[in-house]
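K.L.:
The structure that follows is given in the form of structure tokens.
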Amino acid sequence: MTVTTEDEALRQLQKEQSKLLDKIDELRTIGVGGLVELPQLIVCGNQSSGKSSVLEAISRVRFPAKSNVCTRFATEVILRRSPKPKIKISIEPGPSRVLAATISHIRSFTHEEFSDGDDLPALIEKAKEHMGIQDTVNSGFSDDILKVEVSGPDKPELTLVDLPGLYYSTSLDQGKQGIAIVRGLTEKYMTNSRSIILAVVSAKADYHLQEVVNMAEKFDKRRERTLGIITQPDILEANSEEEESYLKFMRNEKTYLKLGWHALRNRSFETRDISDDDRDDQEREFFNRGNWSSISRDSVGVESLRRRLSSILLKHIQQNLPELIADMKKKIADREERISKLGSPRSTLQQQRGFLLNISSAFERIVGQALNGMYADEFFGGLGDQHDQDNSRLLRAAIRQLNEFFAEAMTIRGGRRAIVGASGPGILWPSTKDNPYMADWAPQLVSREKLEAEATELARRNRGIELPGSANQLLVGNLFRDQSKPWEVLGRDHLLKAWDSVRYFVFLLLQHLTDEHTSALLAGSVIEAELEGMKQALLDKLDELTAHTKRGHPLPVGKSFLTQMQKARSDRLVSSLKSKLAMTTTDKSAPLSNVSVFDVQVAIADLEKSRDEFAAADIVDQMQCYYDIAILTFVDNVATLGIENCLLGPLQRIFSSQVVNDMDDAQIREIAAEPVYVTEERNRLAQELEKLQVGLKTINIFRPIVPPFTSSSEPKNQSIFATGAPTHSPKPPGSGLFNHLFTPSTTSPAVPSSSSSSSTNSNSASKNLFGKPMLNPNTNISSNNSGTLGKSKASLFRESTSAGTGIFRQPTQVPSLFGTGSHVFGDDSNGPDTDTTLRTPPTPGHQT
């Protein structure tokens, strides 16, 4: 028998398909499937919906089918093409198997010394016993996976996961608990965004009593990874409403699925023993008669289903490869980071001290960066990576923000009462909704006249040796202390908030540098005591800063007080003089610039007569001037002498290398000794890291190779979910292995080489393994039909710009020798399109 080029290409195609699927199965075997989501086909549906018959039809291997008993585990069916038939059965332990002895026992079940598929039901029963599963109502469900590997010359390249059938009523064999367990197991597999859901629906039962499609929609909102499979359509009466209803499903008219629907005719009880070939012949005969003959042959029968599932799975794997590789790299980075936090194994005292020295060195370095505002370490995150909404890791920025809030609060509410002029309140308070020191605060206002009256009364009751008309200096101090009462409360609040920010920062840093166990021990035995000492130092400093304001006499230093007093007196004198002149002038409408010297003398005389013998106005002015100077000094002292000297200054030294060196051996062991669960966690993470690294190395050989710079005009990889039913693009003979790789059809009709056909089928052009367009091998490169495939791009552009009317239509992308080109249609005013010249796109701004 002569081997054609097409047959050789198909054999190479099947070999490459098998390699890719084997690598995905290998990821499951080494345990990567428990760490990242892997692409897979899952078969789910109600009990007695025909799931086992679907698997039998696809694999041509008999599976046990008990309609009254629920399968209590998932079955992975691996189908591969090989010259000789062989079946291998094994059990992959589930995540719940943690003991090494149990895992070894489960994996010890392996059978592959036979090739007769009729033995499979008995072997599956033995596998159930090996897993400890019994067909009783009280028997539990297992998360172990039964692997059935079937190979032979007539097997498709497929891997499917068969899930236990859904059921809704209890019996002696099936308990109520199993209903929820099966549903949960099915939903767990559906949740995997890389699962293709094969929803099996039996035509023997009412569709609305089978909720598998609705369950799938919960996890596949866009219905783009669900394929509906209708079984037992021969049960339906011809031309009945029930048959018409299911035909509408097949035509995607009732419940739309992007992958569409498929129909299979199952074996009946009478035909259960017929051969696979006879079963396929009967199915083919059924779909070729009656109303079912109107359904596309791509959507009925097991032969087209095999091709369809192979295409769907392979394209799905191809589409998910980049994301899968990125996901694995992310998991690897996570495991490496967590292992780094745990540190190296530390059983000796030297290893334990070295472990703490490494942490202390990193602690000093990162704290130094935080205090200097040089956020270079990864602990602080990048520009677009904000660990906390309040920037708690950016310590210097957080402290500066608190200082600004504190200064704003002192300005607004530092005084017990806000003094307003005689005309009433005239203060506009700024917006302080984000200021933590302004919560639940309401201003307390007092007029200047009322304050002077209070000062006069106090001076009268506390008269001393001062001369009449002179201010009582003790009274100035009393008024100042009353006005500055909120300072201590605000200062304490600010210092404690700053301390809380530092404490939170330190704990975040410890959690970043080491594991949770060690960070908790360090915080409890070393850090917390140091922080409490810093807190007490802050409060002692506050007492020192407020001691004089609470008990001492105002003692301004420098000329600022005198300057402010002179200005206050001048402003007050001018204001009073203007008021008196306005009262003494006969012409009220005349401007004050027209007053006479006599008017001024009269006003001054009246002003002297009204002067208070207790100088209440001077007392208020002196108090206010001293207050304005002292509040600035207090705010600066809280920020520098308090926060900088007592809090931030010692921070870098609370856990330094010297602190570790000063620890005795007992303390080192107490903090750095490794508990058993940390050792187990490191081993677990190391095992997962090894699995992920091996898995990444395994799958990397199929990673898409793309150029570093891709043109924006390059066609995107089309989704495999573009249409409801698969479209079988014709393939020319000898078109190459990768052109075939994701094409479901196995026949290869010739493709016309005319330019019109090329343009018409540009959207369905063959693509290689990585979704890139391939050159049609039927295209004659030297032919003048395409015009210019053998010419340079420069000559193409010159010819295209000088041809026709000079007006171009929007170019349509077609495969070309240059990867992607532009198929530009000519002016069709005088006839059909004939210009198929490849042209480079015009430069930006080029007038076409």
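K.L.:
Note down all Cβ pairs under 7 Å where the first residue falls in the range 504-525 and is closer than 16 Å to L394 by Cα, the second is among the charged types (D, E, K, R), and they're at least six residues apart or on different chains.
P.N.:
F505/R393; L508/R393
K.L.:
Say whether the condition of being part of a loop (DSSP other than H, G, I, E, B), touching a strand residue (DSSP E or B) at 6+ places or on another chain (Cβ under 9 Å) and either surrounded by fewer than 18 Cβ atoms within 10 Å (Cβ to Cβ) or not assigned by TED's automatic domain parsing to the domain that holds S202 (or both) is met by at least one residue in the range 254-263.
P.N.:
Within the range 254-263 (the criterion being part of a loop (DSSP other than H, G, I, E, B), touching a strand residue (DSSP E or B) at 6+ places or on another chain (Cβ under 9 Å) and either surrounded by fewer than 18 Cβ atoms within 10 Å (Cβ to Cβ) or not assigned by TED's automatic domain parsing to the domain that holds S202 (or both)), the answer is yes, since at least one residue qualifies.
K.L.:
Tell me yes or no: at least one residue of the range 542-553 is basic (K, R) and either in contact with a Leu (Cβ under 9 Å, 6 or more places away or on another chain) or at pLDDT 90 or above (or both). Give the steps one after another, and end with the answer.
P.N.:
So the first thing to find is which residues in the range 542-553 are basic (K, R), and the list is 550-551.
If we keep only those that are either in contact with a Leu (Cβ under 9 Å, 6 or more places away or on another chain) or at pLDDT 90 or above (or both) as well, we get none.
The answer is no; no qualifying residue exists.
K.L.:
Next question. Has the range 512-528 got at least one residue that is surrounded by fewer than 18 Cβ atoms within 10 Å (Cβ to Cβ) and more than 26 Å from I339 (Cβ to Cβ)?
P.N.:
yes
K.L.:
So, in the range 174-196, how many residues would count as being among the β-branched types (V, I, T) and within 23 Å of I317 (Cα to Cα)?
P.N.:
Number of matching residues: 3.
K.L.:
Could you please let me know if N661 is at pLDDT 90 or above and loosely packed, with under 15 Cβ neighbours inside 10 Å?
P.N.:
Numbers: at pLDDT 90 or above: yes; loosely packed, with under 15 Cβ neighbours inside 10 Å: yes.
Against the criterion (at pLDDT 90 or above and loosely packed, with under 15 Cβ neighbours inside 10 Å), N661 qualifies.
K.L.:
Moving on. Before we move on, is L314 crowded, with 20+ Cβ neighbours inside 10 Å and among the hydrophobic types (A, V, I, L, M, F, W, C)?
P.N.:
Considered against the rule, which asks whether it is crowded, with 20+ Cβ neighbours inside 10 Å and among the hydrophobic types (A, V, I, L, M, F, W, C), L314 comes out as yes.
K.L.:
Still on this structure: For residues that are of a type in the set (A, V, I, L, M) and under 31 Å from the mean Cα position of the chain (by Cα), scanning just the range 473-511, find the one that is surrounded by the fewest Cβ atoms within 10 Å (Cβ to Cβ).
P.N.:
Taking the range 473-511 as the starting set, the residues that turn out to be of a type in the set (A, V, I, L, M) are 474-476, 479, 489-490, 495-496, 498, 502, 506, 508-510.
If we keep only those that are under 31 Å from the mean Cα position of the chain (by Cα) too, we end up with 502, 506, 508-510.
Numbers: V502: 24, V506: 24, L508: 17, L509: 23, L510: 22.
By that ranking, first place goes to L508.
K.L.:
Which residue is modelled with the highest pLDDT, if the candidates are limited to the range 140-154 and must be assigned to a loop (DSSP other than H, G, I, E, B) and touching a helix residue (DSSP H, G or I) at 6+ places or on another chain (Cβ under 7 Å)?
P.N.:
Within the range 140-154, the match that is modelled with the highest pLDDT is D144.
K.L.:
Between residues in the range 344-370 that are of a type in the set (S, T, Y) and residues that are surrounded by 14 or more Cβ atoms within 10 Å (Cβ to Cβ) and not in a helix (DSSP H, G or I), which pairs lie under 9 Å by C-beta distance while being six or more apart or on different chains?
P.N.:
Short answer, once both residue conditions are applied: S347/A673; S347/E674; S360/F655; S360/S656; S361/S656.
K.L.:
Yes or no: V526 of a type in the set (V, I, T), at pLDDT below 95 and either assigned to a helix (DSSP H, G or I) or over 27 Å from F363 (Cα atoms) (or both)?
P.N.:
yes
K.L.:
Okay, next question. Test S344 against the criterion of being in a helix (DSSP H, G or I), under 31 Å from the mean Cα position of the chain (by Cα) and at pLDDT below 85, and give yes or no.
P.N.:
no
Conditions tested, residue by residue: (1) buried (at least 16 other Cβ atoms within 10 Å of the Cβ); (2) part of a loop (DSSP other than H, G, I, E, B); (3) at pLDDT 85 or above; (4) hydroxyl-bearing (S, T, Y).
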site: P83; (1), (2), (3), (4): no, yes, no, no
site: I91; (1), (2), (3), (4): yes, no, yes, no
site: G94; (1), (2), (3), (4): yes, yes, no, no
site: R97; (1), (2), (3), (4): yes, yes, no, no
site: E125; (1), (2), (3), (4): no, no, no, no
site: K128; (1), (2), (3), (4): yes, no, no, no
site: N138; (1), (2), (3), (4): no, yes, no, no
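K.L.:
Looking only at the range 146-190, count every residue that is among the acidic types (D, E) and either free of Cβ contacts under 8 Å to residues at least 60 places away in the same chain or surrounded by fewer than 19 Cβ atoms within 10 Å (Cβ to Cβ) (or both) and tell me the total.
P.N.:
Total meeting the criteria: 4.
K.L.:
List the residue pairs whose Cβ atoms are under 6 Å apart, where the first residue sits in the range 248-267 and is in contact (Cβ under 8 Å) with a residue 40 or more places away in the chain, the second is in a loop (DSSP other than H, G, I, E, B) and buried (at least 24 other Cβ atoms within 10 Å of the Cβ), and the two are 6 or more positions apart or on different chains.
P.N.:
Pairs found: N266/G50.
K.L.:
Give me the residue from the range 206-249 that is under 22 Å from R267 (Cα atoms), of a type in the set (D, E) and not in a helix (DSSP H, G or I) and, out of that set, nearest to the chain's Cα centre (by Cα).
P.N.:
If we take residues in the range 206-249 being under 22 Å from R267 (Cα atoms), of a type in the set (D, E) and not in a helix (DSSP H, G or I), then D206 is nearest to the chain's Cα centre (by Cα).
K.L.:
Something else about it: What are the residues in the range 417-453 that are surrounded by 13 or more Cβ atoms within 10 Å (Cβ to Cβ), modelled with pLDDT of 80 or more, out of contact with any strand residue (DSSP E or B) (no Cβ under 9 Å at 6 or more places or on another chain) and in a loop (DSSP other than H, G, I, E, B), if any?
P.N.:
N435
The values are calculated or read from the model by the stated rules, or taken from the named source; none is laboratory data. Nothing here was measured: the structure is a model prediction, and the numbers come from that model. Cβ coordinates were reconstructed from backbone atoms using ideal geometry, including for glycine residues, and neighbour counts include every protein chain displayed.
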